[in-house]
Amino acid sequence: MFKPHKLPPKNIQGQESATWQYEVSTEARKLAFNISQQVMTVMNGYMKDGLNDAIMPIARLDGYRKFSQALNNEPLLLTILAAQSLMEKHDVGTARHQLQAAALSTLFRTGLAKHPRREALDFFAAVCHDVGKLAVSSDTLNNPHQLTAEAQREIKLHPEVGYAVLQMAKDHFFKNAKVYSVNPHILTDFDYIAKVALMHHVDVDGKGYPTSIDPKQTDPVVLETAAADKLDAIHYRDTYTRAKSDKVTIEIFMKMAGASMPILYAKAAIDLIKSGEAATLINSIKGIYENRSVYLAVC
């Protein structure tokens, strides 16, 4: 279960700082260790040879340049881009899903103004919400049929794996802060993003997973990402089950409203479907992947 503990009272933006710790399973930790090593290898390559993000599919998303500049090529940004680069090679469907969920998440607004850096963190939290699926086989990720019990267990482990990967990255930078010229206070942002990776399948009615997490611990960025994740998975993807029509998707979100999802976010999803705004955004991302072969060739 979560064990909250206070960090220094103020972070670099002058906002209250707090981080969470979650005890992941031994299996998840082992899987995360291997992935974190791969992520760090790619990230160190960016730091040594320079980052050519212009060739990455993510760089063509609306808003990417603004959000990336807000993080100013910090190790956090480089780590997320490294993880996304690995996902592009591991499973393009999941890589694309992460970008679509990130783009959709920007449309789920609570009406509260956000600091530019916080907006960037929310966006990139959605970009790497499924980083734990680097530990899931491509066959399982692309299975259009009913998953076996073992495959379901493998899938349900990915939030813990993703959380552990990001925590291991944070620990690496913390221990080598002088080498990377990192302000340790900025590392609390890893906790912020790791929480999204861990909790994006925790439904507010307590029926999601990991089951050991209290749904009351969710916050707006988790709810935004979770809503965008569900909208993309239900309406725009054919993995696991066929993508649902507008009518069926709206009916599903109506059932989730006030049950597994707050009414605010379910209504927002329905409005995005009815207005066509979500479809327009998703169609724009389809074009991004037409030149994906060029990106992989360079990599």
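Taking a ≥ b ≥ c as the square roots of the eigenvalues of the alpha carbon gyration tensor, the range 97-197 is oblate, as a/c is not under 1.5 and a/b does not beat b/c. Here residue 254 and residue 69 are evaluated by their C-beta separation; at R0 = 41 Å the FRET efficiency comes out at 0.60.
The loop-placed trypsin sites (Lys or Arg not before Pro) in the range 114-162, going by DSSP, that have at most 14 neighbouring Cβ atoms within 10 Å of their Cβ come out as 114.
Given their separation in residues at 0.36 nm each and the Cα-Cα distance between them, residue 55 and residue 152 gain 31.5 nm when the chain is fully extended. By the count of other C-beta atoms within 10 Å, a proxy for reagent exposure, 166, 51 are ordered fewest to most as 51, 166.
For the chain, with equal point scatterers placed on the C-alpha atoms only and solvent neglected, what are the log10 I(q)/I(0) values from the Debye formula at q = 0.09, 0.10, 0.16 1/Å, to two decimals? Reported log10 I(q)/I(0), two decimals: -0.41, -0.51, -1.47. Here the calculated FRET efficiency for residue 115 and residue 274, from their Cβ-Cβ distance with R0 = 35 Å, stands at 0.70, rounded to the nearest 0.05. Taken over the alpha carbons of the range 18-157 as equal point scatterers, the Debye sum produces base-10 log I(q)/I(0) values at 0.13, 0.19, 0.20 Å⁻¹ of -0.64, -1.24, -1.32.
Which value at 222 nm does the chain reach when only helices count, each DSSP H run of 4 or more adding -39,500 (n - 2.57), with the total divided by all residues and rounded to the nearest 500 deg cm²/dmol?
Working: 15 runs with 179 residues, N = 299.
Taking each H run of at least 4 residues, the total per residue is -18500 deg cm²/dmol.
Fully extending the segment from residue 37 to residue 219 would add 62.6 nm, taking 0.36 nm per residue of separation and subtracting the current Cα-Cα distance.
Between residue 145 and residue 247, what FRET efficiency follows from the Cβ-Cβ distance if R0 is 25 Å, with the result rounded to 0.05? Computed FRET efficiency for residue 145 and residue 247 comes out at 0.55.
Let me make sure I get this right: for the range 152-299, a, b and c are the square roots of the gyration tensor eigenvalues over alpha carbons, sorted descending. Under 1.5 in a/c it's rounded, otherwise prolate if a/b > b/c, else oblate. Which is it? Oblate.
Computed extension gain for residue 30 through residue 171, at 0.36 nm per residue and net of the alpha carbon distance, reaches 49.2 nm. So, counting K/R as plus one and D/E as minus one, what does the shell of residues with Cβ under 12 Å around residue 43 add up to? It works out to a net charge of -1.
Between 172, 129, 235, the residue with the greatest mean-square fluctuation in the GNM of the chain (Cα pairs under 10 Å linked by springs) is 172. Under the convention that each Lys and Arg Cβ holds +1 and each Asp and Glu Cβ holds -1, the size of the dipole of the chain around its Cα centre is about 300 debye.
Each value in this text was obtained by applying a stated rule to the coordinates, not by laboratory testing. All values derive from a computational prediction rather than experimental measurement. Every residue, glycine among them, receives a Cβ derived from its backbone with ideal geometry; neighbour counts consider all protein chains shown.
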